[in-house]
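Following: one structure in structure tokens, then a few remarks.
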Amino acid sequence: MYGTKVTAEFKLYPGKAYLEINAQLYNRTPEPQTFLWWANPAVAVNDHTQSVFPPDVTAVFDHGKRDVSRFPIATGTYYKQDYSEGVDISRYKNIPVPTSYMAYKSDYNFVGGYDHGVQAGLLHVANHHISPGKKQWTWGNGEFGQAWDRQLTDEDGPYIELMTGVYTDNQPDFTWLQPYEEKTFTQYFMPYKNIGVVKNASIEAAVNLEVDAASAGLRFRRMPLRYWSRLRSC
């Protein structure tokens, strides 16, 4: 990011729970420059935590797209772990080692996480044409990961990194800024509760549809709520 001017505006509104981030990147040089932008809140997790990826996400990559797995049910080897029996890797408790997964692609504007124990979660909302990156990273629910959690947090347990990439869907894929070019974008982070793993979301509403052989259940909540879930900066 040599010679690049970067500004980020964080805005809170009365009566609204979401955090709005407005960013500007400006190449002040006569030469092309690169940048990489991933917003990265750390979210407390436990055995009840589930990743909330859009319903059209059926595969995830690791860094540099070197490895791939089905999602949410892994059926092969990923990060040298054997998931051939069919393992739900959207569940934090099922990931034993440090693992990163980024959505292969999605036409939805959200990603997040949900704690079924407290019936609450966190969502990121942004234009998927500008912010395609949907990623989660965990140290893993094993002895190695738990040791790192103890080193990197205070007393409130393990966490995942809910990472959201702008102008990139993977790391380390950089984006070019042409001479004197400016790029701007907006991201939102917000809490939600009591509707489970959402299937679509905006800053106005979140909706969840659960279907089985006998019934269909629809849950809807107007956004934003007047409360924050557990969120830590990283």
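The values are calculated or read from the model by the stated rules, or taken from the named source; none is laboratory data. Quick caveat: nothing in here was measured; it's all calculated off a predicted structure. When we count neighbours, we look across all protein chains shown, and the Cβ atoms used for this are built from the backbone with ideal geometry, even at glycine. Ligands, DNA and RNA are stripped out before the accessible areas are found, and what is left, the full protein with its side chains, is counted by its heavy atoms. Shrake-Rupley method; radii C 1.70, N 1.55, O 1.52, S 1.80 Å.
With 23 Å as the limit, the listed pairs K135/K199; K80/K135; K65/K105; K80/K199 have K80/K199 beyond it between alpha carbons.
Sequentially through region 106-118, phi angles give Karplus couplings (6.51, -1.76, 1.60; θ = phi - 60°) of 7, 9, 9, 9, 9, 7, x, x, 9, 9, 5, x, 9 Hz, Gly and Pro residues having no value and appearing as x.
Exposure check, 1.4 Å probe, all protein chains in place: M163 carries approximately 10 Å² of accessible surface.
Accessible area per residue for region 92-201, computed on protein heavy atoms with a 1.4 Å probe, is 43 Å². Could you pull the accessible area for D56 with a 1.4 Å probe, rounded to 10 Å²? In the full protein context, D56 sits at about 60 Å². Within the shell of other residues whose beta carbon sits under 14 angstrom from the beta carbon of L25, the net charge comes to 0, with Lys and Arg scored +1 and Asp and Glu -1. What separates the Cα centres of region 1-76 and region 133-158 is a distance of 18 Å. Calculated on C-alpha atoms, the gyration radius of region 50-169 divided by its Kirkwood radius gives an Rg/Rh of 0.95.
Whenever you get a sec, compute what percent of the accessible area on the chain sits on carbon and sulfur atoms (1.4 Å probe). Here it works out to 51 percent. Residues R150, R91 ordered from highest to lowest accessible area at a 1.4 Å probe: R150, R91. Binning the C-alpha pair distances of region 123-220 at 10 Å intervals from 0 yields a P(r) profile of 12, 28, 31, 23, 5, 1 %, listed from the shortest bin outward. Every pair of different Cα atoms in the chain enters the Kirkwood calculation, which places the hydrodynamic radius at 18.6 Å.
Placing unit charges on the Cβ atoms only, positive for Lys and Arg and negative for Asp and Glu, gives the chain a dipole magnitude near 540 debye about its Cα centre. Calculated mean residue ellipticity at 222 nm for the chain: -1500 deg cm²/dmol, from DSSP H runs with n ≥ 4 weighted as -39500 (n - 2.57), summed, divided by the residue count and rounded to 500. Along the axis of the charge dipole computed for the chain (Cβ charges of +1 for Lys and Arg, -1 for Asp and Glu, origin at the Cα centre), the listed residues I73, I160, M190 are led at the positive end by M190. If you take every residue apart from Y78 with its C-beta less than 10 Å away from the C-beta of Y78, what net charge results, scoring Lys and Arg +1 and Asp and Glu -1? Every neighbour counted, the sum reads -1.
Rounded, prolate or oblate: which fits region 1-88, taking a ≥ b ≥ c as square roots of the Cα gyration tensor eigenvalues, rounded meaning a/c under 1.5, else prolate when a/b beats b/c? It is oblate, given that a/c is not under 1.5 and a/b is not larger than b/c. For T4, the accessible surface of its heavy atoms amounts to roughly 20 Å² (probe 1.4 Å, protein chains only, rounded to the nearest 10).
In percent, rounded to a whole number, the relative contact order of region 1-156 is 19, using alpha-carbon pairs under 8 Å and six or more apart. Counting only protein chain heavy atoms and rolling a 1.4 Å probe, the accessible areas of L12, L209 rank, largest first, as L12, L209. Legend: residues V211, V68, V60, sorted from most to least accessible area (1.4 Å probe; ligands, DNA and RNA excluded), read V211, V68, V60.
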